[in-house]
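Visitor: The following block contains the structure, expressed as structure tokens.
The values are calculated or read from the model by the stated rules, or taken from the named source; none is laboratory data. Computed from a predicted model, the values in this text were never measured in an experiment. Here the Cβ positions follow ideal geometry from the backbone for every residue, glycine too, while neighbour counts run over all protein chains shown. Side chains included, ligands, DNA and RNA excluded: accessible areas come from the protein's heavy atoms. Shrake-Rupley method; radii C 1.70, N 1.55, O 1.52, S 1.80 Å.
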Amino acid sequence: MFRIGCHISTSGGYMAMGRHIEALGGNTFAFFTRNPRGGAAKEIDPADAEAFAAFCREKDIDRLVAHAPYTLNPCAEKENVRQFAFTAMADDLRRMEYTPGQLYNFHPGSHVGQGVEIGIEKTAEVLNAVLFPEMTTTVLLETMAGKGSELGGRFEELREIIDRVTLRDRLGVCFDTCHVWDGGYDVVNDLDGVLTEFDRVVGLDRLRAVHLNNSLNGLGSRKDRHAKIIGGVMPLEAVERVIRHPALKSLPFILETPNDDEGYAAEIALLRSLRE
Ligand code: FE
Ligand code: FE
Ligand code: ZN
């Protein structure tokens with residue numbers, strides 16, 4: 001099965017999101033678990049979650065890739081910012097259990113001058129505090145562009161965080177094609193080489209989702225500016241190789257391209273045609 005979808009708005013609850021992605025021609029999607037500006041997240045309506053579960057069975061939707069708020073920085077230096085990471089992630093993981101067995105993606109954080117080592121320690125500390133043995137969710141560390149003091153621009157940094165987490169069997173990685181390219185991994189000319197390197201450092205068995213994005217900038221630019229599937233520096237053939245690669249093709253592909261609904265529907269249809 002080709003799992004393809006995009007990032008959609010959370011307002012209206014699970015059934016609204018399910019109908020929205022169906023209308024766009026997708027069968028998987030990403031959504032923000034809460035308002036990035038903080039505060040309490042809206043409580044989940046159990047009836048909505050139940051209706052959504054039935055809808056997903058009927059429509060063959062079996063992967064959700066929830067996204068933590070961008071402002072969640074588990075290795076922040078400021079104590080109040082870091083406190084938000086502890087409380088928001090713990091609360092998100094509790095709420096994820098309304099949709100059992102799904103994926104929750106987060107940015108490993110920005111160390112803002114404290115250094116990579118301290119950043120890795122702090123992010124691992126948050127994960128050790130919020131993961132719990134009964135959880136059915138897999139928490140994904142996103143590969144990052146390495147912009148500023150961002151962790152996760154190197155596969156080694158993801159591996160080091162994972163190694164420090166006790167419940168590491170609950171952890172996986174989300175492979176963002178714009179970010180890895182901006183981080184200096186040549187997914188256009190050497191996708192096999194990049195995935196071999198990922199396997200050597202992290203292990204391909206950790207890969208659970210792909211953020212399928214083109215980039216506005218060149219290899220290693222560390223800029224993190226997403227582009228549409230057609231209109232970035234990556235040629236369409238390179239995107240086609242990503243969605244057809246044996247190590248990736250069964251994962252959910254989530255578009256985070258700069259599009260409105262019409263643009264997303266067109267990209268989903270285009271990518272479906274490339275998989276045939
Ligand atoms: Fe992200
Ligand atoms: Fe992403
Ligand atoms: Zn990005």
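Visitor: Once phi is turned into ³J(HN,Hα) by the Karplus curve 6.51 cos²θ - 1.76 cosθ + 1.60 with θ = phi - 60°, what whole-Hz value does each residue of the stretch 73-88 show in order, with x for glycine and proline?
Guide: 10, x, 10, 4, 7, 5, 4, 5, 5, 5, 4, 4, 4, 4, 6, 5
Visitor: Please work out the C-alpha center-to-center distance from the stretch 228-247 to the stretch 55-93 and express it in whole Å.
Guide: 27 Å
Visitor: Using protein chains only and a probe of 1.4 angstrom, how many square angstrom of ARG82 are accessible, to the nearest 10?
Guide: 10 Å²
Visitor: Another question, then. Using per-residue counts of other Cβ atoms within 10 Å, averaged over each peptide, order 220-230, 192-202 from highest down.
Guide: Ranking the peptides 220-230, 192-202 by packing returns 220-230, 192-202.
Visitor: Moving on to the next point. Roughly what percent of Cα-Cα pairs across the chain reach past 33 Å?
Guide: Values: 6140 of 37950 pairs.
So the portion of pairs separated by more than 33 Å is 16 percent.
Visitor: Separate question: Taking amide H positions as placed in the peptide plane 1.01 Å from N, state which residues far from MET234 in sequence (5 or more) or on other chains have amide H under 5 Å from it.
Guide: SER215
Visitor: In whole Å, largest first, what are the principal axis extents of the Cα atoms in the stretch 147-228?
Guide: Extents along the principal axes: 38, 28, 18 Å.
Visitor: Mind listing which chymotrypsin sites (Phe, Trp or Tyr not before Pro) in the stretch 1-101 are in a DSSP loop and have 11 or fewer other Cβ atoms within 10 Å?
Guide: TYR70
Visitor: In what sequence, highest mean first, do 267-273, 133-139 appear when ranked by Cβ atoms within 10 angstrom? The partial results should precede the final answer.
Guide: On the way: 267-273: 17.1, 133-139: 15.4.
Listed from highest to lowest mean packing, they are 267-273, 133-139.
Visitor: Now for a separate question. How large a share of the accessible area of the chain, in percent, is made up of carbon and sulfur atoms when the probe is 1.4 Å and the other protein chains stay in place? Numbers along the way, then the final one.
Guide: On the way: 5890 of 11510 Å².
Roughly 51 percent of what the probe reaches on the chain is carbon or sulfur.
Visitor: Alpha carbons only, please: Rg and Dmax for the stretch 43-150, in angstrom.
Guide: Calculated on Cα positions, Rg and Dmax stand at 15.5, 49 Å.
Visitor: Spelling out what I want: for every residue of the stretch 231-245, take phi, set θ = phi - 60°, compute 6.51 cos²θ - 1.76 cosθ + 1.60 (Karplus), and round to whole Hz; glycine and proline get x.
Guide: x, x, 7, 8, x, 4, 4, 5, 5, 4, 5, 5, 6, 9, 5
Visitor: Can you list the equivalent-ellipsoid semi-axes of the stretch 1-57, largest first and in whole Å, using the square root of 5 times each Cα gyration tensor eigenvalue?
Guide: Numbers: eigenvalues 85, 45, 13 Å².
Equivalent-ellipsoid dimensions as semi-axes: 21, 15, 8 Å.
Visitor: Here's another thing I want to ask about it. Counting only heavy atoms of protein chains, what accessible area per residue, in Å², does the chain have with a probe of 1.4 Å?
Guide: 42 Å²
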